[in-house]
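The values are calculated or read from the model by the stated rules, or taken from the named source; none is laboratory data. Just so it is clear, the model here is predicted, and its values are computed rather than measured. Backbone-built Cβ (ideal geometry, glycine too); neighbour counts: all protein chains shown. Heads up: the accessible areas ignore ligands, DNA and RNA and are worked out on the full protein's heavy atoms, side chains in. Shrake-Rupley method; radii C 1.70, N 1.55, O 1.52, S 1.80 Å.
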There are 4 protein chains.
Amino acid sequence: MIVVMNPGVGEKEVTIITDKLKSMGYGVHLSTGENRTVIGVIGQRREEVAQAMEAMPDVEKVVFITRPYKLAGREFHPDNTVINVGDITIGGTELVVMAGPCAIENEDQLLQAAEAVKKAGAKVLRAGAFKPRTSPYSFQGLEQEGLQFLNDVRSKTGLLIVTEVMDQFTVDEVAECADIIQVGARNMQNYYLLRELGKIRKPILLKRGFSATIEEWLMAAEYILSGGNYEVILCERGIRTFEPYTRNTLDLSAVPLVKQLSHLPVIVDPSHGTGLSGLVPAMSKAALAAGADGLMVEVHPNPQEALSDGPQSLTPDQFNTLIHELKGVALSVGRLI
Amino acid sequence: MIVVMNPGVGEKEVTIITDKLKSMGYGVHLSTGENRTVIGVIGQRREEVAQAMEAMPDVEKVVFITRPYKLAGREFHPDNTVINVGDITIGGTELVVMAGPCAIENEDQLLQAAEAVKKAGAKVLRAGAFKPRTSPYSFQGLEQEGLQFLNDVRSKTGLLIVTEVMDQFTVDEVAECADIIQVGARNMQNYYLLRELGKIRKPILLKRGFSATIEEWLMAAEYILSGGNYEVILCERGIRTFEPYTRNTLDLSAVPLVKQLSHLPVIVDPSHGTGLSGLVPAMSKAALAAGADGLMVEVHPNPQEALSDGPQSLTPDQFNTLIHELKGVALSVGRLI
Amino acid sequence: MIVVMNPGVGEKEVTIITDKLKSMGYGVHLSTGENRTVIGVIGQRREEVAQAMEAMPDVEKVVFITRPYKLAGREFHPDNTVINVGDITIGGTELVVMAGPCAIENEDQLLQAAEAVKKAGAKVLRAGAFKPRTSPYSFQGLEQEGLQFLNDVRSKTGLLIVTEVMDQFTVDEVAECADIIQVGARNMQNYYLLRELGKIRKPILLKRGFSATIEEWLMAAEYILSGGNYEVILCERGIRTFEPYTRNTLDLSAVPLVKQLSHLPVIVDPSHGTGLSGLVPAMSKAALAAGADGLMVEVHPNPQEALSDGPQSLTPDQFNTLIHELKGVALSVGRLI
Amino acid sequence: MIVVMNPGVGEKEVTIITDKLKSMGYGVHLSTGENRTVIGVIGQRREEVAQAMEAMPDVEKVVFITRPYKLAGREFHPDNTVINVGDITIGGTELVVMAGPCAIENEDQLLQAAEAVKKAGAKVLRAGAFKPRTSPYSFQGLEQEGLQFLNDVRSKTGLLIVTEVMDQFTVDEVAECADIIQVGARNMQNYYLLRELGKIRKPILLKRGFSATIEEWLMAAEYILSGGNYEVILCERGIRTFEPYTRNTLDLSAVPLVKQLSHLPVIVDPSHGTGLSGLVPAMSKAALAAGADGLMVEVHPNPQEALSDGPQSLTPDQFNTLIHELKGVALSVGRLI
C-alpha cells in the first residue's frame, strides 16, 4: 500500500501519518520527491486501513500494490484447480458443457430437455427451480417442486445437475439434488450465502455479477475459498453496458485474464451473455477459443412456449449442431469436448 | 405491446402469431405497411408473452407501449405519497435528513454520532449493524449486538432509526429496532426479501441498485407495494459508470424523472453517491434543488478512525455547517428543512 | 510515478529497470517489501515512459502519483479563472445563462429565439450552424449561411454569441461571428482542433465528451491552455451510461470535483444532459446548487417544429419561468443571476 | 414509426397529431387500446419527424420499427460484401491479418516491423503517421514524414498499407500511400470526414467508436456508403465499460450481430480492445471463432522502446507463434489464414 500526501505537505504532517501507521503495526518507507512525499506501507493489505488513511488530512490518495485476493490468486497457487464431479473433470483438458432450460416448468419439459441435451453429448443439466423475476407478476419458478423434478430426472438420465441456490437457508435443500450449486449473478455479492457455501463440500458455480469488476468477482470467490471450500467454478455471463442490441455485453477477455490472475476454472454462459439465440453458436465457439473450460447453454424443447428466456434458448436440434461444430474449435486450442 | 414481424413476411406467418395471441386471450390489431406487418396486442402486459413472441419465427422484435409498473406508477395514483413516521412526514413540504455513521462500531461511537446529528437538526439516525464487505477479511458489522445498541440510542436520544435488513429471515428482528427499514443497493433485486417486506407495515427505504435502471428500481418497489405495504421511500445513491475519480456517478436526473413517473418519495445519498466527503455538501444542495424529498448523509464522530467508509463521512462540524447551508436551498425550491 | 515489480523478482531484474530509468534522466528510489519491490521514480510525468515500463519484463504495473494536467490544475494556479467577454464575466459571482435553439434553421427562427431569450434575461445566444447528425439523411445545418444569420442577430440584439466550430480549418470563420467558440462533445478529443484553438484569443467552451473521464476532459483543456489560450470554460453535458430513460446521465458531481481539481469555470447543459425538456428546470436548479458557474439551455420558439432536438427544448415561456425560479437558487448559494 | 399517445388522451388530441403527420406526407393507422391510442405511421423513417412528434403535447414516446441504416443493412443487400485490394480479398473465405506498430517512429523501426510481420504471413502493414494523444506533452506522430516512410516500405516489402486519416483535408495525401484508409475510433462520428471518404474509391476501415452503439457504427458506415464508396470494412476495437483491469472491453458479440445486420466485412483489433499483449493471442483466436473476417494486431520490434502502446504490442516472435496457432482455429470455422 502506498499513501500519497498532498503536494507541499511538510515533515510534521507526514509524521502524523507515519506514527499512526506504525501504531497499527505497519512498517513505513518514506520517499520524498520534488513536490510531494509518498509513504510506502509494509504489511498485510487491509481495506480498513486504506480508508482510514484516505480520511486523514493531507492525504491525497492511497494506492494498492498487491491484489486483494489471496486464495483465489495464482500467486500462491500456481497450478490450475481441476474439479472432479461425478465422472467428469472441470478445468482439465476436457471441456464441460452444461445445458438445459432456464426454468423448470413441469416434469415433462424438464425430462425432454434433459434427454435432448444428453443425446447431444452434454454431461450436466442446468435448470432453475427458483426464478425471481424483474416483475412480481411473472412466473417465479416451481421452487421445492422443481427440486424434486430435478432429482427424478437425475435418476432417470444419469446427468449431473447444476441448479441455483437463492439464500443461505436453502443451501442444504439444494445441495441434496445438485451436483454443482450455482450462485446467480444477482447473488454474487450476497456474502451471507457465499459464507455458507464455504462450509459445504460441493463445487460452486459462481456467476459474475452483471456489473461486477473482475476484482470483485474474484473477491466473491475468495469468500467461498476462505471458508474452506476450494471447488469454485467461475462463470462469465455478460456485463451491463450502454449497448442496447444485446441483453448484456459478453466480456470474453475476462476468460484469459482470469486464467492469468487465478487458478480457478472459468466457463462462459453465452445465452445470458447475449440474450439472443442467434448469437449463441458464434459466442460459444469464441468462448472456447478464448480458453474457457466449458459452456453453460440454454436449451428448451420448445423455446416459444418457454416461461422464461425463450428468445435466448436453442432448440435441441440447434444445440446438437452446435456441439458438433464445437469439437473442431476445441481441438484447435488443444482441448476436447 | 406491439409485435413487429420480419420484413417480407406473408399473411400465413402473421396468422400463426395472431392465432397464438388470440389463444392466450389477447386482442390483436393488424397494421400492414409497405415492408412489414406490425401487430398491436391489446390486453395486460406480461413479460412471458413478450418473450414467447420474440422466440417465434418471423418475429423481429416486441415493443412495449405501457410501463411495467402499476402500483408504483403515477398513472393510477396521481397524488404524491406522503409517509408519516414518528413525528415526521416524508414526501411533503418538509424535507427529511437521515444521518449517521456507515457502520455501528461500538456503543460510544454510535451515541456520539447520534447526539451530533440530532444537535445539527437531523430527525433520523442511520447506522448499519450488518456490513457485508467486498473482502472477507474486512470488518463485517456488529450484527445483533449492533441492533441492540440502536435500540438503546433510540431510547436515549428520541431519534428515529433507519437501518438495513439483509435477508427475509431477519426482517422481524430488524423491524423491532427500526422505524424505517433499509434495503441496500446490493439487495434491490433480492425479490424474496422484497416480498417479505410487502407483508409488514413499516416504511421501507429502497436504495437503487448501483447498476439498476430506473425501470428496474420501480419494479423492485412494485414488489413491495404489490404485497400490500404502500410506504416505500426511494433512495438514489449513485450508479456505476466508467468514471474512476468518483466511487459512483450520482444520477440526480433520476430525482425529477422518478417524481414524474411515480408518486413515491425520493431521497438522495450523496455520501455513497460520490464516495468523497468533499463533494457531499455540493451534491446535497444539488439534490434538494433537483426536488429530492430528503437526504441520507454519512456522519462519523471521527472519520479517520471509521471502520467503514471514512473517506466519504462528514465530521459533526461539517454536517452542522451543511444543514445550515441547506436551509436556503430548500427555501429556494419551496421546501423546508 | 511508481513502478511495481512482479512478486518474487530479484535484484538483477530490478537493476535492469532502474538503469533504464536513470538513462532516461529519472531519479529512482527503491522500496523492498516482503513480497515485492516497488520503485519510486522521481522526475516529470510522461506517459511514454510509463508505457515503456509496463512493456518491460518483470514489471507488474505503473502507478501515477501526480495528475497529468498542469496548466488546467489548481495546484499551480490556486485562484479561480474569471473570463471577461463583452460586458459579462464567467467564473465570478454572477452566473451566465446561454440559451437558444440547437440548430439555426432560418433567420426568423433564430431572431425569434434570440429575442425571447434576451427578454428572459440571457446574455448569450447559443445556436449551431454546423449540425452533423447520426443519420446522413437528416438535416445537417445551414453552415456558412447560418454563421451569417448569427452575425445579423448579434447586431440586432446585442446578445453575445456562442457557436460550435467543427474543425481546425474553420476556426477563423467561426471566430468572426462568435464571442465564445464551442467545442462539441464529439470533438473533445480532436487534438488538431484544440491545438488551433490554443493559438487564438477568444474564450473556448469545451464540452465534455459523452464518454470522457474527468481526467481526459481536463487534458483536452490542457491542449488549449498549453497553446497559450487561457480562457477555457468547461461544460458538463451528460455521459453515456446503461440508463435508457434519459438520453445521457448528467454527471453533476463533476461540477464540484472539477472546481476542486481545476481553476477553470464550469457550466452545465441540462438539455443534452437529459434529452427531456421536462427535466431541464429541475436539473438547471441542481446545477447551480452544485456550484456551476452557469447554464447552457436549449430554447426554441416552437419545439415541435424544430429540425433538431425538439424534445429537449424549452419554449420561451418555460424558459422565462425557469430564469425566474433560478434567481432564488442562485442566491441560496451566494451567486447572482 | 409508431407514435404512442399519453394514457387517457382523447380523439381531438389524436387528430392534431394525425393531421400533422398527414400534412408531412405520411399515412397513419390508428390502434385504440383500453388505455391509450397508438398511431402507426407509414412512410420513410426520418429522425426529424420522430423528434417533432416527441416534442408535441400528449405524445408519450415514438418507437421506430425499421432500422435507420439502409445501404449498410442486409435487408436490401443480402449477400456479403467482398472487397478486393491488391492481391487479397476481405470478407471471403480467406482471413486478413493486418499487423504492425501503433506509431511510425523512424524508418528503421517501420522497416523492421514490416519485415517481421511479412515473414510471419501478414499481407497488410498497419502503422500510424498521425498520433494525437491524450496528453499534449506526448509524442504526436511523424505526420507527413511518416507517410513518406510508409510509401518507401510499401515499395521495399510489397506489403499493402492501412493507415489512419485524421480529417477531411488530408484524405488525398493519405490515399496516396494507403491501400486501405483507416478511420480511428475517435473519428467514427466525424461526419465531414466520412462524407469525404464517400467520394473516393478506396476501401475504408471504420473503427467502432469506444462508446458507439452498433447502430451508430452502422450509421457511420451509411455515411460513407451513401456517398458512393461501397467498400467499408468494420473494425471492433473494444468499448468503454466500468471494468478497470482492461483498457477497453472487447465486444466480440458485435461480430456475429453485425454479420446478421449488415453485409459488410468485420475485423477485430484485440490490441486496443484489451490493452494487454498477454490477452491478444486468446482474443485473436476468439475473434476468428466468432466469425470475424480478419484481425488487426499491434506488433513492434521492441515493445519496451515503443513511443506508443508498448504494453499491448506483440514482439515479432510472439506474432509469429500466434499466426501459427490461428491457422487451426480458422480451419475449425471453415476459414483460411
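The residues of the range B:31-48 that are out of contact with any helix residue (DSSP H, G or I) (no Cβ under 7 Å at 6 or more places or on another chain) and under 22 Å from D:F64 (Cβ atoms), listed by number, are B:S31, B:T32, B:G33, B:E34, B:N35, B:R36, B:V38, B:G40, B:I42, B:R45, B:E47. Among the residues of the range C:15-53, the one identified as more than 41 Å from the chain's Cα centre (by Cα) and within 22 Å of D:Q312 (Cα to Cα) is C:I16. Among the conditions (1) touching a strand residue (DSSP E or B) at 6+ places or on another chain (Cβ under 9 Å); (2) within 20 Å of D:G291 (Cα to Cα); (3) buried (at least 24 other Cβ atoms within 10 Å of the Cβ), the only one that A:V299 does not satisfy is (2). Could you tell me which numbered condition A:L331 fails, if it satisfies all but one of (1) over 23 Å from D:Q260 (Cα atoms); (2) in contact (Cβ under 8 Å) with a residue 40 or more places away in the chain; (3) more than 14 Å from chain B (Cβ to nearest Cβ); (4) open to solvent by 10 Å² or more (accessible area, probe 1.4 Å)? Exception for A:L331: condition (2). Restricted to the range A:195-213, and to residues that are among the hydrophobic types (A, V, I, L, M, F, W, C) and in contact with a strand residue (DSSP E or B) (Cβ under 7 Å, 6 or more places away or on another chain), which residue is most open to solvent (accessible area, probe 1.4 Å)? Taking the candidates together, the pick is A:F210. Applying the condition of being free of Cβ contacts under 8 Å to residues at least 24 places away in the same chain and more than 7 Å from chain A (Cβ to nearest Cβ) to the range B:309-320 and asking which residue is least open to solvent (accessible area, probe 1.4 Å) yields B:T315. If the condition is being under 23 Å from the mean Cα position of the chain (by Cα) and farther than 27 Å from C:L322 by Cα, then the range C:105-139 contributes C:F130, C:P132, C:R133, C:T134.
Could you tell me whether any residue of the range D:296-319 is of a type outside the set (V, I, T) and more than 21 Å from D:A127 (Cβ to Cβ)?
Let us first name the residues in the range D:296-319 that are of a type outside the set (V, I, T), namely D:296, D:298, D:300-314, D:316-319.
Keeping just the survivors that are more than 21 Å from D:A127 (Cβ to Cβ) gives none.
The answer is no, given that none of the residues of the range D:296-319 is of a type outside the set (V, I, T) and more than 21 Å from D:A127 (Cβ to Cβ).
Each residue in the range C:144-178 was checked for being within 13 Å of chain D (Cβ to nearest Cβ), part of a loop (DSSP other than H, G, I, E, B) and surrounded by 16 or more Cβ atoms within 10 Å (Cβ to Cβ), and 5 of them qualify. Checked against the criterion of being touching a residue at least 60 places away in the same chain (Cβ under 8 Å) and more than 11 Å from every other protein chain (Cβ to nearest Cβ), the range A:63-77 has at least one qualifying residue. Being touching a Gly at 6+ places or on another chain (Cβ under 6 Å), among the aromatic types (F, W, Y) and either assigned by TED's automatic domain parsing to the domain that holds D:S277 or surrounded by fewer than 22 Cβ atoms within 10 Å (Cβ to Cβ) (or both), is that true of even one residue in the range D:118-130? Yes; the residues of the range D:118-130 include at least one that is touching a Gly at 6+ places or on another chain (Cβ under 6 Å), among the aromatic types (F, W, Y) and either assigned by TED's automatic domain parsing to the domain that holds D:S277 or surrounded by fewer than 22 Cβ atoms within 10 Å (Cβ to Cβ) (or both).
Can D:E236 be described as open to solvent by 10 Å² or more (accessible area, probe 1.4 Å), over 17 Å from D:M166 (Cβ atoms) and in contact with a strand residue (DSSP E or B) (Cβ under 6 Å, 6 or more places away or on another chain)? The answer is no for D:E236.
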